Amino acid sequence: MKKVIFFTLLALMAVTNIKAQSNERDSWDIFVMPKVGSCYSNFTGVDNGEFKFGFIGGLQVEVFFNPQLAFDTEISFSHQGSHNYINPATKEPNDARLNYLNMDYLLRVYPFKGLNRFSLYTGIHGGDMVWCKIDNQDKLDYMNKGDIGIPVGIGYEFGHFAVDARYIYSFRKLAHDDIAKKNMGDAKLMTFALTIGYKIQVF
């Protein structure tokens, strides 16, 4: 009886694996994917900043042009910032906490025909700062609320689940007015994000 159960489990695992490996996409297949995870962010352009751990979550829509090329649109919320970066004016450490609504437009390539669960991508990242506190003081009105950057990442799928890791480099400086520029210098965001999502085919 134990042998029967054992070989039955092996057979089920083999069938599941074959189905997962043969999960080919067709042109104009469309998937939606809610996703959640964490981001690890810091400032460039200032001294001694420490990475801040934050939440990221959102929704992705993926449209396949062919089995190996897809276009993704994402909307997400993220909490970012920097611990203990050095204020250029006071030479004292400051703590920055920022909330963003993000839109990402990505071109995703599945480069290996025999491993169609693995992907590489890049594109354009846009962000809208909706909340900002530096040392627990509201500084949103002093900041550049819009952000633009380049994301680069990799993805891997197992069943309906997809794990995604990306790096985002922002081009726009955070400080908007003269007071903010004095206290933040040339600070820009850089972010690492790790998410997991559940893919649902809608077309």
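The values are calculated or read from the model by the stated rules, or taken from the named source; none is laboratory data. Remember, it's a predicted structure, so these values are computed and weren't measured experimentally. When we count neighbours, we look across all protein chains shown, and the Cβ atoms used for this are built from the backbone with ideal geometry, even at glycine. When the accessible area is computed, the model is the full protein with side chains, heavy atoms only, and any ligands, DNA or RNA have been set aside. Shrake-Rupley method; radii C 1.70, N 1.55, O 1.52, S 1.80 Å.
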Practice problem: Go ahead and run the numbers for FRET between Asp138 and Met103, Cβ-Cβ distance against an R0 of 22 Å, rounding to 0.05. | Solution: 0.35
Self-check item: Calculated from backbone phi, Karplus (6.51, -1.76, 1.60) coupling profile of region 188-197 in Hz, x at Gly/Pro
Solution: 10, 8, 9, 9, 10, 9, 10, 10, 10, x
Quiz item: What residues of region 46-65 lie in the reach of a label at Ser27, counting those whose backbone N is under 11 Å from a point 7 Å from the Cα along Cα→Cβ?
Solution: 65
Quiz item: If amide H atoms are built 1.01 Å from N in the plane of the peptide, which residues on other chains or at least 5 residues away come under 5 Å of the amide H of Tyr85?
Solution: Glu50, Asn94, Ala96
Quiz item: Based only on the alpha carbon positions, what is the Kirkwood hydrodynamic radius of region 106-203, in angstrom?
Solution: 15.8 Å
Practice problem: Calculate, for region 141-194, the solvent-accessible area per residue in square angstrom, rolling a 1.4 angstrom probe over the heavy atoms of the protein chains. | Solution: 52 Å²
Exercise. Output ³J(HN,Hα) for region 119-132: one whole-Hz value per residue in order, computed from phi by the Karplus curve 6.51 cos²θ - 1.76 cosθ + 1.60 with θ = phi - 60°, and x for Gly and Pro.
Key: 9, 10, 7, 8, x, 10, 10, x, x, 10, 5, 10, 7, 8
Quiz item: region 27-80: which chymotrypsin sites (Phe, Trp or Tyr not before Pro) are DSSP loop and have at most 11 other beta-carbon atoms within 10 angstrom?
Solution: Trp28
Exercise. Can you tell me the FRET efficiency between Glu92 and Ile124 if r is taken as the Cβ-Cβ distance and R0 is 30 Å, rounded to the nearest 0.05?
Key: 0.25
Quiz prompt | Vicinal HN-Hα couplings computed from phi for region 51-62 (Karplus, 6.51 cos²θ - 1.76 cosθ + 1.60; Hz; Gly/Pro x) | solution = 5, 10, 8, x, 8, 9, x, x, 9, 10, 10, 10
Quiz prompt | Loop trypsin sites (Lys or Arg not before Pro), region 40-145 (other Cβ atoms within 10 Å of the site Cβ: 16 or fewer; DSSP) | solution = Lys91, Lys113, Arg117, Lys145
Exercise. Would you work out the relative contact order for the chain, in percent, from Cα pairs under 8 angstrom that are 6 or more residues apart?
Key: 22 percent
